[in-house]
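S.K.: Take this structure, written in structure tokens, and hold onto it; I'll ask about it next.
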Amino acid sequence: AMRETLANAVRQIMVYMDTEAASIFLLDAANEKLTCLACAGPVSIEGLSIARNQGIVGRALSSNSVQLVRDVSADSDFSRAVDDRTGFTTRSILCAPLMTKGRMLGAHEVINKRQGDGLFDLGDKQFLQVLAGMVSLAVHNAQMTEALVEQERMRRELDLAREIQRDLLPDQPTPDFPVQGLNLSAFEVSGDFYDFFTL
């Protein structure tokens with residue numbers, strides 16, 4: 001669900017803003033790395049990971065503000081490594097942080113405006129800032145959905161474990177049997193077993 005949500009978001013925003021490429025980077029669980037989980041355009045950088053403070057994307061996170069780089073050749077934070085590897089030519093970049101409820105999620109980046117001189121302006125910056133808010137909400141909702149699905153999976157596994165444990169315990173003997181046993185787990189399951197053996 002997450003990848004589908006992100007893939008749909010980058011495609012739509014690339015069309016709305018009429019750009020040559022778009023990508024979404026999300027932070028890992030340790031908040032140390034940014035990984036591109038969705039992109040659209042002539043080349044794919046999906047799976048590319050960078051440090052959270054690296055490049056223009058990292059600057060968007062650290063400053064918690066939209067970064068407008070009209071000409072990347074004049075920006076020292078821009079790295080040509082990806083362009084050199086893919087053959088793509090980056091001229092202008094807009095990058096917005098993705099944040100919800102005070103928690104940083106990642107960043108959304110668009111590259112090279114198609115119309116005019118191909119360079120982004122302040123109007124584009126404001127538009128991406130609005131779109132980033134919607135993307136942040138979509139990412140947050142997708143993460144919540146994934147968490148709920150994982151909780152349900154764990155609940156089903158615990159139910160199965162409880163059923164298996166119950167099946168491994170012996171049936172209660174007749175009331176006149178000299179030994180009785182009882183298993184009460186502290187939580188869903190316990191690690192304690194017993195059995196009766198008639199000699």
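S.K.: Checking Lys113 against (1) within 24 Å of Glu32 (Cα to Cα); (2) surrounded by 13 or more Cβ atoms within 10 Å (Cβ to Cβ); (3) of a type outside the set (Gly, Ala, Ser), only one condition comes out false. Which one?
M.R.: Of everything listed in (1) within 24 Å of Glu32 (Cα to Cα); (2) surrounded by 13 or more Cβ atoms within 10 Å (Cβ to Cβ); (3) of a type outside the set (Gly, Ala, Ser), Lys113 misses just condition (1).
S.K.: Can you name the residue in region 61-78 that is part of a helix (DSSP H, G or I) and in contact with a strand residue (DSSP E or B) (Cβ under 7 Å, 6 or more places away or on another chain) and, of all such residues, is surrounded by the most Cβ atoms within 10 Å (Cβ to Cβ)?
M.R.: Of the residues in region 61-78, the ones part of a helix (DSSP H, G or I) are 61-63, 72-74.
Next, only the ones that are in contact with a strand residue (DSSP E or B) (Cβ under 7 Å, 6 or more places away or on another chain) stay: 61, 72.
Working: Leu61: 24, Val72: 20.
Here the residue is Leu61.
S.K.: Then there is this: Inside region 91-138, can you point out the residues that are under 17 Å from Glu46 (Cβ atoms) and either modelled with pLDDT under 90 or over 22 Å from the mean Cα position of the chain (by Cα) (or both)?
M.R.: Val135
S.K.: Turning to a different aspect of this structure: Checking Ser136 against (1) of a type in the set (Ser, Thr, Tyr); (2) loosely packed, with under 14 Cβ neighbours inside 10 Å; (3) assigned to a helix (DSSP H, G or I), only one condition comes out false. Which one?
M.R.: For Ser136, the exception is condition (2).
S.K.: Take Ala29 and tell me if it is aliphatic (A, V, I, L, M), under 20 Å from the mean Cα position of the chain (by Cα) and open to solvent by 30 Å² or more (accessible area, probe 1.4 Å).
M.R.: Against the criterion (aliphatic (A, V, I, L, M), under 20 Å from the mean Cα position of the chain (by Cα) and open to solvent by 30 Å² or more (accessible area, probe 1.4 Å)), Ala29 qualifies.
S.K.: Please pick out the residue among Ala38, Ala7 that is within 13 Å of the chain's Cα centre (by Cα) and in a helix (DSSP H, G or I).
M.R.: On the way: Ala38 fails: in a helix (DSSP H, G or I).
Of Ala38, Ala7, the one residue that is within 13 Å of the chain's Cα centre (by Cα) and in a helix (DSSP H, G or I) is Ala7.
The values are calculated or read from the model by the stated rules, or taken from the named source; none is laboratory data. The structure displayed is predicted, hence computed values, not measured ones. Glycine gets a Cβ as well: all are built from the backbone with ideal geometry, and neighbour counts include every protein chain shown. All accessible areas refer to the heavy atoms of the entire protein, side chains included, with ligands and DNA or RNA removed. Shrake-Rupley method; radii C 1.70, N 1.55, O 1.52, S 1.80 Å.
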